[in-house]
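What follows is a set of notes on a single structure, which appears directly below.
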Amino acid sequence: MMFFIAAFSTKAAGNDTIQYPELNKTYIKSYWYDTKSFVVSPAKWRARQWIEFGVVAGAGVLAYTQDEKIQEYFVGHQSETADNLSKYIFEPYGRFAPVIIGGLYIGGRLAKDNRLAGTSLIAAKSFVVSAVGATILKQLTHRHRPYQDDIPDHANWDGPFSSYEYNSFPSGHATAAFSMATVYAMEYSSTIWVPIVSYTLAAGTAISRLYDNKHWASDVVIGSALGFVTGRFMWKQSRKGNNRVVVLPSAGVKTASVTFIIRLAEPKKPKYCFL
């Protein structure tokens, strides 16, 4: 953990002018406003966003048609090395996402790194919002996990008001992993290893759910997409409102001057962007 804190704490040029969120009332209130914007965003999608949505939905449908074959493949290809990777690295990455985010936030605060601490708050919001969305879908579908039936049946959905033990769709681990990884990957995109490590861990977590026979492929695809989309949206939301002019007075022995710094935010167009 300390390795990641030290690495994330390396500040990229140009980020000193960005106003990162702080743990205060404004941040708490942003959960409501940003969640509302996220939920209603499809109403203002353009053709590109609907195409992207169609691609994701199509990938989910394709995975659904191959669920049982993929499940059989992973069950039939077990190994000690893969067991250890899943047990000690990838599965914990998804299960302990809140702990990881919290650790990075505390590390950022201790190191007085506003960027790391603020990014961790964005990741926390992404995790919470995506977790709520995943939980709602689980309650509406109550899909059986592969190991819960004597003969695994990917088409076994009980629908609303069923037992909560059937909560396969979507994968909560995949959702959590990508909701966290996407925020850090986008914030530290200029540090090439951060996106690589973040997405590798998230993808490994998603695949481990298939390997451990805990989810169907379609659960993992939709869960990963939900986490990615939420993380991307929340990160872009955090960039809004950063356009402002900062006036910095300076004085010398014989002269005085005023410096204007223009803080540039991300374009507003992606506000309702799906991917």
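The values are calculated or read from the model by the stated rules, or taken from the named source; none is laboratory data. Values in this document were obtained by computation on a predicted structure and should not be read as measured data. Glycine also receives a Cβ, built like all others from the backbone with ideal geometry; neighbour counts cover every protein chain displayed. We work out accessible area using only protein heavy atoms, side chains counted, and drop any ligands, DNA or RNA first. Shrake-Rupley method; radii C 1.70, N 1.55, O 1.52, S 1.80 Å.
Assorted remarks:
- You will find that of T81, T65, the residue that is open to solvent by 50 Å² or more (accessible area, probe 1.4 Å), of a type in the set (S, T, N, Q) and closer than 21 Å to L201 by Cβ is T81 and no other.
- Looking only at the range 171-197, and only at residues there that are surrounded by 24 or more Cβ atoms within 10 Å (Cβ to Cβ) and of a type in the set (A, V, I, L, M), the one that is nearest to S130 (Cα to Cα): A176
- One residue from I136, I196, I101 being among the β-branched types (V, I, T) and farther than 30 Å from V75 by Cα: I101
- Residue in the range 146-160 that is open to solvent by less than 20 Å² (accessible area, probe 1.4 Å), in contact with an Asp or Glu (Cβ under 9 Å, 6 or more places away or on another chain) and in contact (Cβ under 8 Å) with a residue 60 or more places away in the chain present: yes
- Qualifying residue in the range 198-221 (condition: outside any helix (DSSP H, G or I) and basic (K, R)): yes
- Considering only residues in the range 120-135 that are among the aliphatic types (A, V, I, L, M) and out of contact with any Gly (no Cβ under 6 Å at 6 or more places or on another chain), the one that is most open to solvent (accessible area, probe 1.4 Å) turns out to be V132.
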